[in-house]
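Everything on this sheet refers to the single structure shown next.
The values are calculated or read from the model by the stated rules, or taken from the named source; none is laboratory data. In this text, all values refer to a predicted model and were calculated from it rather than measured experimentally. When we count neighbours, we look across all protein chains shown, and the Cβ atoms used for this are built from the backbone with ideal geometry, even at glycine.
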Amino acid sequence: MRMERSKNMELDKRQVMSSLAAALVLACLGSARADEAARAFPEKKCKYVLPSKEWSWAQNPDPNAILMAVGPRGLIVTCAAMTLPAMAPLDSNFTAGFDKNYFKPGQQEKRNSSFITFQGIPCYEARGTMNTGQTTATRVFLAHGFGYVLVAIGEGQQPVEQDPDCEKIFAGFSFTTPPPANPPPVNPPPAPTERDNISYKMGQIVGYCLIAIIGIVLLRRLFGKS
């Protein structure tokens, strides 16, 4: 009798934990109404439009993230926008500081990177593989006194940048106030220490976002949320 009661109590505990975890998954994933396909962030001078009706908004994984959304096939997008104490050139010196705190052993390994043009301005795109097996394509760009980091995350054997919806994910971002196509050079440029602190901090903040996303991904896999 006692053994049976003990088993029932243990079963009840498991059911409660499962219910709580499932509720956490749903809270993290959230849902979007039809009139919320687009969200504007006036203070950050940008907006984001969901790539398709298959996407929905989710709760931000970090206070510095302005958005997070989930889509089909395990696709996720998140974006952070950080106020910069000083503008700095987006060059190899800047990106080296970003990489140092963004790609960490046991969290994410860098695959490759390149400099591109995005929304008409210089952009750094870095691609990595997370310890969950997911791949990332991260775009870093500077404008309006902010450092923007837009991340596309995908599951599957092919890297996320090869997913047919990857460019749609990035195209969902746009500026509400377009930055100048040819901004004047930063003069005077920030001291190397200040520049490194800025880029290092950007990498750190987005790294925190990825840690939260890893937790969400594991919960999705555990409870079969597609």
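Could you list, ordered by first residue, the pairs with Cβ atoms under 6 Å in which the first is in region 137-152 and over 13 Å from Ser199 (Cα atoms) and the second is aliphatic (A, V, I, L, M) and part of a loop (DSSP other than H, G, I, E, B), at least 6 apart or interchain?
Gly145/Leu84
Could you list all residues from region 126-136 that are of a type outside the set (Ser, Thr, Tyr) and in contact (Cβ under 8 Å) with a residue 24 or more places away in the chain?
Residues satisfying the conditions are Ala126, Arg127, Gly128, Met130, Asn131, Gln134.
Within region 150-199, can you find the residues that are of a type in the set (Lys, Arg) and at pLDDT 90 or above?
Hit for region 150-199 is Lys168, nothing else.
Condition check ((1) more than 17 Å from Ile205 (Cβ to Cβ); (2) of a type in the set (Gly, Ala, Ser); (3) loosely packed, with under 14 Cβ neighbours inside 10 Å) across all residues:
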| residue | (1), (2), (3) |
| --- | --- |
| Asn60 | no, no, no |
| Gly71 | yes, yes, no |
| Ala80 | no, yes, no |
| Leu84 | no, no, no |
| Pro89 | yes, no, no |
| Pro105 | yes, no, yes |
| Arg111 | yes, no, no |
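Pick from region 144-153 the residues that are touching a strand residue (DSSP E or B) at 6+ places or on another chain (Cβ under 7 Å) and either surrounded by fewer than 23 Cβ atoms within 10 Å (Cβ to Cβ) or acidic (Asp, Glu) (or both): which of them is nearest to Arg73 (Cα to Cα)?
The extreme case among them is Phe146.
Please give the strands (runs of 3 or more DSSP E) falling wholly within region 127-177 in which 1 or more residues are within 13 Å of the chain's Cα centre (by Cα) and among the small types (Gly, Ala, Ser).
Values: elements: 135-143, 146-154, 173-175.
Passing ranges, in order: 135-143, 146-154.
Within the group Ser92, Ser31, which residue is hydroxyl-bearing (Ser, Thr, Tyr) and modelled with pLDDT under 75?
Ser31 is the lone residue from the list that is hydroxyl-bearing (Ser, Thr, Tyr) and modelled with pLDDT under 75.
Phe115 passes all but one of (1) among the aromatic types (Phe, Trp, Tyr); (2) buried (at least 16 other Cβ atoms within 10 Å of the Cβ); (3) within 26 Å of Val49 (Cα to Cα); which number fails?
(2)
Going by the conditions given, is Lys104 touching a Gly at 6+ places or on another chain (Cβ under 7 Å), in a loop (DSSP other than H, G, I, E, B) and in contact (Cβ under 8 Å) with a residue 60 or more places away in the chain?
Numbers: touching a Gly at 6+ places or on another chain (Cβ under 7 Å): yes; in a loop (DSSP other than H, G, I, E, B): yes; in contact (Cβ under 8 Å) with a residue 60 or more places away in the chain: yes.
The answer is yes for Lys104.
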